[in-house]
Each structure stands twice: as structure tokens, then as C-alpha cells.
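Enquirer: Take this structure first; my questions come after.
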Amino acid sequence: MKHVFKLQKQGLVRDIPDTYPLRHSAELSWFTNQMYAPMLFKSFGSDFDYLKQYNTDRPFDELFEIYVEITILAAAANSINKLDQDCEHLLWSCRAHQRKALEWYSRNLESIGGRPISCSIDKLKHIKVPLPSAKSMFDSFYEFGSLRQAELHVFFWKAMIIIQLLIYRAQVLVLHCSRPDHQRASIESIPTDPGAYSECMIAGKYADEMCRAIPYFLQDGMGSYGMLKITVNLPYILKSYTHLRCKEKFLWIQKICQSVASDGNDLALCHSQVWWKYWFLCEDPTTNYIRSLAFNEDYTERYHVSVEGDFVKVIKVTKDGESSVASEISDMPAARHVLDVSDTREPLELSQILS
């Protein structure tokens, strides 16, 4: 395990032998967790070429290469000059990568066990934590031929969420560049609903697919590994539902966070707290739109989510220290219980929750 620890701390992927059994899972987890780091490609550029060289044409290796290229696209989106030609090239590259990922899935579908089997919750083995009802959201859940097959499907769905959101960002950049020069002062001048973009809606569909796989990882016998697989994927699901304002599904996945946290998983509790705050900060349509783009703009306002009695309040704090109530919500009792735990934290920098 020392190699995996070194990878997590330094990103020195070449220190792990090709034959190490956890090499690919460790590398893929590391890259997906770093997906929106703006300086990633500049810091580890030489490793990207190295990582693509050892592809053996096995499904997992090919999928890993897809993640490597996603990371390069994400770094480009974060550092782009927002010039017409650059933005159009980014959009073209994102769409080309989308086709590559879909082609990978179609070509390897048989070797990764075929499409997951739809089943009722009763068909799965005993679920080790309470599972909230999902009848109004999902027709059925998924069963897989093996844990490996389940992992590959989830890795693919997660990749597609990221790719769809990258296409969305590139589309907005192209739209921004198409405006007259005097209207290009700020990307905020193009307010729109993320749900109006088909790319965001498709990302939500892939989030649904990931949710339908959750009970499989909660079965007896999966142990802490099953819990881990759920926990590391929670932010991708929560991000999609937050920006699409899918309240019912957001509440469902928050209950999953609480169930996993009750089994001793503090990271799941952290995800729950952070994304409750994020949900409330995105109540305003314009700010939801800005945050959905995850651009690295220099915002001077800070926000704090607090709980006062029956109300959850979003407090805006300016750079001069002045504060005002940006919004006040009273219909989320589930959030008040979770947010009370972390109410003493410092106000969040907006840039900290953009990604």
C-alpha cells in the first residue's frame, strides 16, 4: 500500500509497478479526484504522455486513457484565453472525446458483462444500511455479474458526466465569444438555466445511472470497499442534481450520504455538509449558472450558510466585511440537522466550491 500512498501524496504514478494489482484503480481514483485542478497538466505534463504509453488495449487501460485526456481538456477549459478560435477548438475536442468514450463503451460492452441487469431492491442481497425509497425516481436498480463489471460501468458513467459538463462549459465559451466586444466584459452577462442545455440534462441521466448502482455496492459482502466506491462518487452525482435543481433526487442522495456516514464514514458526512451549502448557494438562478460553469474568476464576495431556528440562511459577506442575507429557506428540515454540525466554520470562498 505504500505505493498507493505515495501516488496520492505526490502523483508519482510511475513508482507503481505495472504488475501491482491496485495500480490502475489507484491511478484512476487519483486523476478523477484531481479532475478540475487548473495547473494539473502544467505540473504533471510529462506523466500524461507516460500514462498513455502503457495502454495494453484492455478495457480498463483504455478507460484510464480516456480519463487522462479528460483531465487535459479540463485543464484547458480552466486556462483558456476565451478567444473565438480557442473556444471553438475546445468545443470540438470535447465533442470528439465524447464520441471516443461512447465508442469505447459500445466496443467493450460484451467484455464488461453487457448492460447492467435491471432488478428490484428485493433481488439484491441484504442491504447493510437503510436505503430510502426511490420508486418515484428510478424504475429499478442495477445488478452486475461481478464487482469488476460494476466498477467499469460506474467509471464510464462518471467519465460521461464530466465530459458532458465540459461540453456545456465549452458551448458557453463559444457563445460568449460570439457576442460583440462591448458585451464580453463578463461571462456572467449570459445568464441562463443549466437545465436548458441538453449536455447538462444528459449528465443528470448518467448521475441517475450511478444512483441505480448504489444498492449493489451496499450489499452484504462488499464491506468497507463498497462504501468507499459510493463515497468517492457522491460529489459527481450531487453536482449534477444541484445545478439541474433536481430537489427530489438531491434529497435521496443526501439520505444515502447520511446512511453511509452513520456507518462511520466521515467523508460521506463532509460531502453532505458541503453540498447542502452548495444547494442553498445555488438557489438564485444566476449564481447557479455561474457556479455550474466552474470558471476560475476572481470573486470578491464570500458566502456563509447558517442555521437559525427553522430557517437556513445564506449570508453574503463582501470584501469590506459587510454582510447581508442573500436568501432564506425554511422547507429543508433534513438540511438543518446536517448543517448545524458545521455552522461554526469560516465563510466559504466562492472559488472553493466552484469545482
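Quick note: the coordinates plus some simple rules give every number you see, no bench work behind them. Note that the coordinates shown come from a computational prediction; the quantities given were computed from them, not determined experimentally. We place every Cβ from the backbone using ideal geometry, glycine too, and count neighbours over all the protein chains shown.
Enquirer: Within the set Lys135/Lys158; Lys135/Lys247; Lys249/Lys277; Lys135/Lys205; Lys123/Lys249; Lys100/Lys229, which residue pairs have Cα atoms separated by over 19 Å?
Expert: Check vs 19 Å cut-off fails for Lys135/Lys158; Lys123/Lys249; Lys100/Lys229.
Enquirer: A further question on this structure: Which of Ser292, Ser146, Ser259 comes first, and how do the rest follow, when ranked by fewest Cβ neighbours within 10 Å?
Expert: Fewest to most other Cβ atoms nearby, the residues stand as Ser146, Ser259, Ser292.
Enquirer: Next up: Sort region 129-272 into rounded, prolate or oblate with this rule: let a ≥ b ≥ c be the square roots of the eigenvalues of the Cα gyration tensor; rounded if a/c is under 1.5, and if a/c is not under 1.5, prolate when a/b is larger than b/c, oblate otherwise.
Expert: prolate
Enquirer: For Ser140, Ser272, what ranking results if the residue with the fewest other Cβ atoms within 10 Å of its Cβ goes first?
Expert: Ordered by Cβ neighbours within 10 Å, fewest first: Ser140, Ser272.
Enquirer: For Arg95, Arg148, what ranking results if the residue with the fewest other Cβ atoms within 10 Å of its Cβ goes first?
Expert: Ranking Arg95, Arg148 by Cβ neighbours within 10 Å, fewest first, gives Arg148, Arg95.
Enquirer: Could I ask something else about it? Label region 188-279 by shape, choosing from rounded, prolate and oblate, from the square roots a ≥ b ≥ c of the eigenvalues of the Cα gyration tensor; if a/c is under 1.5 it is rounded, and otherwise prolate applies when a/b is larger than b/c, oblate when it is not.
Expert: Cα axes put region 188-279 in the prolate bin.
Enquirer: Still on this structure, I have one more. Provide the per-residue ³J(HN,Hα) series for region 94-105, in order, calculated from phi with Karplus coefficients 6.51, -1.76, 1.60 and θ = phi - 60°, each as a whole number of Hz, with x at glycine and proline positions.
Expert: 5, 5, 5, 6, 4, 4, 5, 5, 5, 5, 4, 5
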